[in-house]
Amino acid sequence: MKERAAVLGTGQTHYKAKRQDVSMAGLLREAIDRAMADAHVDWPDIDAVVVGKAPDFFEGVMMPDLFLADAIGAVGKPLLRVHTAGSVGGSTGVVASSLVQAGVHERVLAVAWEKQSESNAMWALSIPVPFNMPVNAGAGGYFAPHVRSYIRRSGAPNHVGAIVAAKDRRNGAKNPYAHLQQAEMTVDKVQASQMLWDPIRYDETCPSSDGACAVVIGSERAAAAVERPAWIHATSMRTEPTTYAGRDQVNPQAGRDCAAALWKQAGITNPLEEIDAAEIYVPFSWFEPMWLENLGFMGEGEGWRLTEAGETEIGGKLPINASGGVLSSNPIGASGMIRFAEAAMQVMGRAGEHQVDGARKAVGHAYGGGSQFFSMWVVGADKP
Amino acid sequence: MTVAEPLSAPIELSFAYTRSLGPTLSRFMTGLAARQVTGARGSDGRVYVPPLEYDPVTGTAITDFVDVSDHGEVVTWSWAAEPLPGQPLDRPFAWVLVKLDGADTPMLHALDVPGPQDVRTGMRVQARWAGERAGHIRDIVCFEPETSAGVAPAMVDVDAVTLVTTPIELRVQHSASIQETRYLQGLKEGRLLGQRCPKCGKVYIPPRGACPVDGVPTEEEVELPDRGVVTTFCVVNVPFLGQRIQPPYVAAYVLLDGADIAFLHLILDCPAEDVRMGMRVEAVWKPRDEWEHGLQNITHFRPTGEPDADYASFKDHL
Amino acid sequence: MREVGVVGFAQSRQMRQTTGTTNGVEMLVPLITEVFSDLGLTKHDIGFWCSGSSDYLAGRAFSFVSAVDATGPVPPINESHVEADAAWALYEAWTKIQTGEVDTALVYGFGKSSAGDLRRTLALQLDPYVLAPLWPDSLAIAGLQAQLGIDQGKWSEQAMAEVAVRSRRDAETNPNAQLAGSKDVDSLLAEPYIAQPLRRHDCAPITDGAAVVVLAAEHRAGELAERPAWISGIAHAIDSAHIGARDLTTSPSTLTAAQKAGIDGVEVAELYTPFTHQELLLRAELGLGDDVRITPSGGALAGNPMFAGGLVRIGEAARQIWSGSAGRVLAHATGGPALQQNLVCVMEGR
């Protein structure tokens, strides 16, 4: 009953703190035009458009998909706007996949974006709400205590976060679209950077970027026209509350359940052995080992060992964020879709300098809110 | 224990957005700064004003710009009897779609006429330009009934406009939930009032309109002591906008004795490096006459000096 | 395509102002309880959850995140959210069921319009470079559209008033309606304008409200409802955002959606028309004759819970099937300025 679906092409903008050379429409079109060229499709081929973006306050436009309808080729077509907090880029990919898998459409364009330079994300996120005391902890103040909990629970050595940061920044230098280009980054340099929210250092945090990412998803018939599509083997989404009594905030159940459903759907029993490349949403370095465990690649308390052994480098057992990841580029609403697109690029063999040799099965992962919204997909070079 | 009326207060949303324009809109805004309205011709031959960034038929970027007149004809209108904040005029006016001479599509703006009897579809109008122009849609103050034939505007040399600033101000009335209101009233009296979920029995502070596990409101009131344990924390070393304390200082999740949920607060009155997971802490309250409806009545928590709590006693709250 | 039926519906009493929070929890908790009680379901029976709401309406980012608590999402749920009317959330849920991954879905929408100044807030849906900086409010845009149709002879203030009278009178039998009962047409036309050519009766009221709909596939729908409202077609589309470049007296996207959904033979049409002239526009566009009962609930003119209103239309239309009073019905939802985005859902009893 479920139709096969595949990624036919991907496109990204160059990520920068401020893309003041383009309008919002221009930013989206930069990614869309590249995705459509990559997929060898033209406007009449597109049956529907799905747009993902984080809060409307970032750009100061209520449901900006409405005013963008013309520029993104949606006029006369179905247009859906997804918003699931930081996981939205991934969720947008999942929703677009569903439209094809449901047999409703042949080809769907999905685009996710953020133009943070229109405003100030910190302002938009910290609009004072009456009766709510601002804690005065800043952007990392919410997540840093959970990182501390992880370190306590797992007994991970302190330099593991720096290993992740140095790797992702060096990977970013292999990706022409990445916001930060730091080919010379080392563990020592990361450790020498300012401690912001102890235990998180400056170089272990993501930048704030403008950018967009687009993918064209097509049916089996549409994929027949593409040389090497990325077949969608599985998708999953899970949500839990921001807080509840007894909630595991280091290893949230929503993430574990989401991954378990994903592996089951993809027919994967041993993710560490069967996945060749992973694009995981890591906005603070320590989330790499945390998500390694949450995703089931490693046992609880063991995630850091894979990182420390260098096995998450390109060329390692499980290359993670060969693109440089969120630590190298973070256009919030697009970040999840970039993970999904980069996973597809790996199995399509189109990742250029950051290609993982022989990657045939890859996972894209996104999360958002207080580590409570998860969306994931597995893509493969072979038909599922 | 319930309350009749929830507490309520306004949220003021006020921000000046900076919008980069890209080539097409930049051309339009730069034109306005020079008292020139510019449209763009699509592949369908129509001249769109304001210019479309992308062709409605082919989808490609439009590059065929066409200068049009600042005089035109009213295509439709509606009357703004009581102008709202931010609108072009602060006295009654007409909203109009005006098709400028040389354009194929009308643009939206205001028309300054005394009353609705003075506007009709088909009437001739002209732009009223601002004395000082910034390259913004509001460089046209409004339209007014045509008094003279359209003439080519005196060309003014202006710098290219690449960015527009748009202030957005909205006011939204925020209401606390009934449960939260009870908690806030407690804080005003220097008390910490949680509530228990009738299904799972867990004690939430603040209480909830819906227990996040069971989806039902918390009910039974539970007064909690102002002391508890630090479950986990971070040391804030970074200065940021709006910061009120000199770094370094500690932001920690504090689990009050008897509560089943921790909240984020500050730990002060000891060196940051002395704060530990499991440390026992107590609230430091502001002077009574400064108490309001909020957790800020507690300025911070400080160590009690009691022995640390066992890791096992709070590990399920991490 | 799998057969999917609407089997459950609950809506809040439409009110000018509620005391609840803008995250909708107070409105949603009783509605979710009500549909579960009606259907004999628990949260564990729901395969997919999807909601529609707006951060701008709530005045704060991530308002939908708190709303999720109303579902009690522990253990975690398969869930998504659209920043649009919940009718589009229903569409997403319908496609999710079509993939075969799930058999049931719960869809909800909520909006507390009374918290802000809705007329101004909706101006922020317009082009942010050349329109929104002028703050053209929702009545201004609707007025421009109404006057255009009047000038072209497509409708009249008289016909608009007739729509208002019928809507308010229909609402007399709708216990959830905010406004009910009406003066006659002549009396309405004697009232002053509020945004000429619009009078108060031409415009939907400001409403707080929420709605919940449950969908189920195939045999599951048959188990849950005696006579499910089977979705025979559902589609949506969007028109140009350029107010001046499109013909505001037509609605090509509604027509496109209707053609895809297949609306022949519908006996009832629940249309989401917040302004009287928009009902006249849509009836003409859809070719709905006098034999089609229009919006028997009273519609948005009798109560307009933003971001739930489209879902309410689907629920109200489904009720016509459940009760056996109609065999084939149409529900319509809209979003954006001047009917920019439209969805058509056709349901039938079997």
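With respect to the conditions (1) under 19 Å from C:Q341 (Cβ atoms); (2) in contact with a helix residue (DSSP H, G or I) (Cβ under 9 Å, 6 or more places away or on another chain); (3) among the charged types (D, E, K, R); (4) crowded, with 24+ Cβ neighbours inside 10 Å, A:D65 falls short on a single one, namely (2).
Selection of the range C:294-350 for residues being under 15 Å from C:T254 (Cβ atoms), within 14 Å of chain A (Cβ to nearest Cβ) and in a loop (DSSP other than H, G, I, E, B) yields C:G336, C:P337, C:A338, C:L339, C:Q340.
Each row is one residue, and each column tells you yes or no for (1) assigned to a loop (DSSP other than H, G, I, E, B); (2) more than 23 Å from A:G370 (Cβ to Cβ); (3) in contact with a helix residue (DSSP H, G or I) (Cβ under 7 Å, 6 or more places away or on another chain); (4) at pLDDT below 95.
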position: B:V250; (1), (2), (3), (4): no, no, yes, no
position: B:L255; (1), (2), (3), (4): no, no, yes, no
position: B:L266; (1), (2), (3), (4): no, no, no, no
position: B:D269; (1), (2), (3), (4): yes, yes, no, no
position: B:M277; (1), (2), (3), (4): yes, no, yes, no
position: B:V281; (1), (2), (3), (4): no, no, no, no
position: B:V284; (1), (2), (3), (4): no, yes, no, no
position: B:D289; (1), (2), (3), (4): no, yes, no, no
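So which residues in the range C:83-114 are within 14 Å of chain B (Cβ to nearest Cβ) and either more than 25 Å from C:L339 (Cβ to Cβ) or crowded, with 24+ Cβ neighbours inside 10 Å (or both), if there are any at all?
So in the range C:83-114, the residues within 14 Å of chain B (Cβ to nearest Cβ) come out as C:106, C:108, C:110-114.
If the condition is that a residue be within 14 Å of chain B (Cβ to nearest Cβ) and either more than 25 Å from C:L339 (Cβ to Cβ) or crowded, with 24+ Cβ neighbours inside 10 Å (or both), then C:L106, C:Y108, C:F110, C:G111, C:K112, C:S113 are the ones that fit.
In the range C:218-234, which residues are surrounded by fewer than 21 Cβ atoms within 10 Å (Cβ to Cβ), touching a helix residue (DSSP H, G or I) at 6+ places or on another chain (Cβ under 6 Å) and either aliphatic (A, V, I, L, M) or farther than 29 Å from C:S54 by Cβ (or both)? Of everything in the range C:218-234, those that are surrounded by fewer than 21 Cβ atoms within 10 Å (Cβ to Cβ), touching a helix residue (DSSP H, G or I) at 6+ places or on another chain (Cβ under 6 Å) and either aliphatic (A, V, I, L, M) or farther than 29 Å from C:S54 by Cβ (or both) turn out to be C:L224, C:R227.
Within the range C:318-326, is there a residue that is closer than 30 Å to A:V75 by Cβ, surrounded by fewer than 24 Cβ atoms within 10 Å (Cβ to Cβ) and in contact (Cβ under 8 Å) with a residue 40 or more places away in the chain? No, there is no match, as no residue in the range C:318-326 is closer than 30 Å to A:V75 by Cβ, surrounded by fewer than 24 Cβ atoms within 10 Å (Cβ to Cβ) and in contact (Cβ under 8 Å) with a residue 40 or more places away in the chain. Exactly one residue among A:G52, A:G9 is in contact (Cβ under 8 Å) with a residue 40 or more places away in the chain, touching a helix residue (DSSP H, G or I) at 6+ places or on another chain (Cβ under 8 Å) and either over 28 Å from B:V164 (Cα atoms) or acidic (D, E) (or both), and that residue is A:G9. Kindly evaluate B:T181 against the criterion of being outside any loop (DSSP other than H, G, I, E, B), within 13 Å of chain C (Cβ to nearest Cβ) and touching a Leu at 6+ places or on another chain (Cβ under 7 Å). Taking the combined requirement at face value, the residue satisfies it. Applying the criterion of being assigned to a loop (DSSP other than H, G, I, E, B) and in contact with a Ser or Thr (Cβ under 8 Å, 6 or more places away or on another chain) to the residues of the range A:324-354, the residue that is nearest to A:D203 (Cα to Cα) is A:L327.
Does B:G190 satisfy the criteria of being within 9 Å of chain C (Cβ to nearest Cβ), more than 30 Å from C:V74 (Cα to Cα) and assigned to a loop (DSSP other than H, G, I, E, B)? In short, no.
Residues checked against (1) among the small types (G, A, S); (2) crowded, with 19+ Cβ neighbours inside 10 Å:
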{"position": "B:G22", "(1), (2)": "yes, yes"}
{"position": "B:G31", "(1), (2)": "yes, yes"}
{"position": "B:R46", "(1), (2)": "no, no"}
{"position": "B:E53", "(1), (2)": "no, yes"}
{"position": "B:V98", "(1), (2)": "no, yes"}
{"position": "B:P114", "(1), (2)": "no, no"}
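For the range B:58-82, taking the residues that are within 9 Å of chain C (Cβ to nearest Cβ) and in a loop (DSSP other than H, G, I, E, B), the one that is nearest to C:G143 (Cα to Cα) is identified as B:A81. Could you go through the range B:206-219 and let me know if any residue there is away from chain C (no Cβ under 14 Å) and either in contact with a helix residue (DSSP H, G or I) (Cβ under 6 Å, 6 or more places away or on another chain) or modelled with pLDDT of 95 or more (or both). Scanning the range B:206-219 turns up no residue that is away from chain C (no Cβ under 14 Å) and either in contact with a helix residue (DSSP H, G or I) (Cβ under 6 Å, 6 or more places away or on another chain) or modelled with pLDDT of 95 or more (or both).
Residues that are in contact with a Ser or Thr (Cβ under 8 Å, 6 or more places away or on another chain) and of a type outside the set (G, A, S) within the range A:144-161 comprise A:P145, A:H146, A:R148, A:R152, A:V160, listed in sequence order. Taking the condition farther than 22 Å from C:V329 by Cβ, part of a strand (DSSP E or B) and either touching a helix residue (DSSP H, G or I) at 6+ places or on another chain (Cβ under 7 Å) or within 14 Å of chain B (Cβ to nearest Cβ) (or both), does C:S80 pass? Spelling it out, C:S80 is indeed farther than 22 Å from C:V329 by Cβ, part of a strand (DSSP E or B) and either touching a helix residue (DSSP H, G or I) at 6+ places or on another chain (Cβ under 7 Å) or within 14 Å of chain B (Cβ to nearest Cβ) (or both). Scanning the range A:222-249 for residues that are within 14 Å of chain B (Cβ to nearest Cβ), crowded, with 22+ Cβ neighbours inside 10 Å and among the β-branched types (V, I, T) yields a count of 1. Against the definition (touching a residue at least 12 places away in the same chain (Cβ under 8 Å), surrounded by fewer than 20 Cβ atoms within 10 Å (Cβ to Cβ) and more than 30 Å from B:P167 (Cα to Cα)), how does C:E162 come out, yes or no? So C:E162 passes the test. Here A:G60 fits the description: within 14 Å of chain C (Cβ to nearest Cβ) and part of a loop (DSSP other than H, G, I, E, B). Every test in (1) part of a loop (DSSP other than H, G, I, E, B); (2) of a type in the set (A, V, I, L, M); (3) touching a residue at least 24 places away in the same chain (Cβ under 8 Å) is passed by C:A269 save one, and that test is (1).
Scanning the range A:177-203 for residues that are assigned to a loop (DSSP other than H, G, I, E, B) and either within 17 Å of the chain's Cα centre (by Cα) or of a type in the set (D, E) (or both) returns A:Y177, A:A178, A:H179, A:L180, A:E184.
Restrict the check to the range A:73-83 and report whether at least one residue is out of contact with any helix residue (DSSP H, G or I) (no Cβ under 9 Å at 6 or more places or on another chain) and more than 7 Å from every other protein chain (Cβ to nearest Cβ). Checked against the condition, which is being out of contact with any helix residue (DSSP H, G or I) (no Cβ under 9 Å at 6 or more places or on another chain) and more than 7 Å from every other protein chain (Cβ to nearest Cβ), the range A:73-83 yields no hits at all. Residue check: B:D67 meets all listed conditions (1) farther than 30 Å from B:Y183 by Cβ; (2) touching a Leu at 6+ places or on another chain (Cβ under 7 Å); (3) modelled with pLDDT of 95 or more but one, namely (2).
Any idea which residue in the range C:145-168 is nearest to the other protein chains (Cβ to nearest Cβ), counting only those that are under 13 Å from C:G303 (Cα atoms) and not hydrophobic (A, V, I, L, M, F, W, C)?
C:S167
Select from the range A:204-239 the residues that are touching a Lys or Arg at 6+ places or on another chain (Cβ under 7 Å) and not in a strand (DSSP E or B) and write down the one among them that is nearest to A:L8 (Cα to Cα). This residue is A:A222.
Filtering the range B:232-279 to residues that are of a type in the set (A, V, I, L, M), closer than 30 Å to B:C211 by Cβ and at the interface with chain A (Cβ under 8 Å from one of its Cβ atoms) leaves B:A251, B:A252, B:I261, B:L264, B:L266, B:M277.
Of the residues B:Y48, B:Y54, only one is of a type in the set (F, W, Y) and without any contact (Cβ under 8 Å) to a residue 24 or more places away in the chain; which?
Answer to the check: B:Y54.
The values are calculated or read from the model by the stated rules, or taken from the named source; none is laboratory data. Keep in mind that this is a model prediction, so the values were computed, not measured. Note that we place each Cβ from the backbone using ideal geometry, even for glycine, and neighbour counts take in every protein chain shown.
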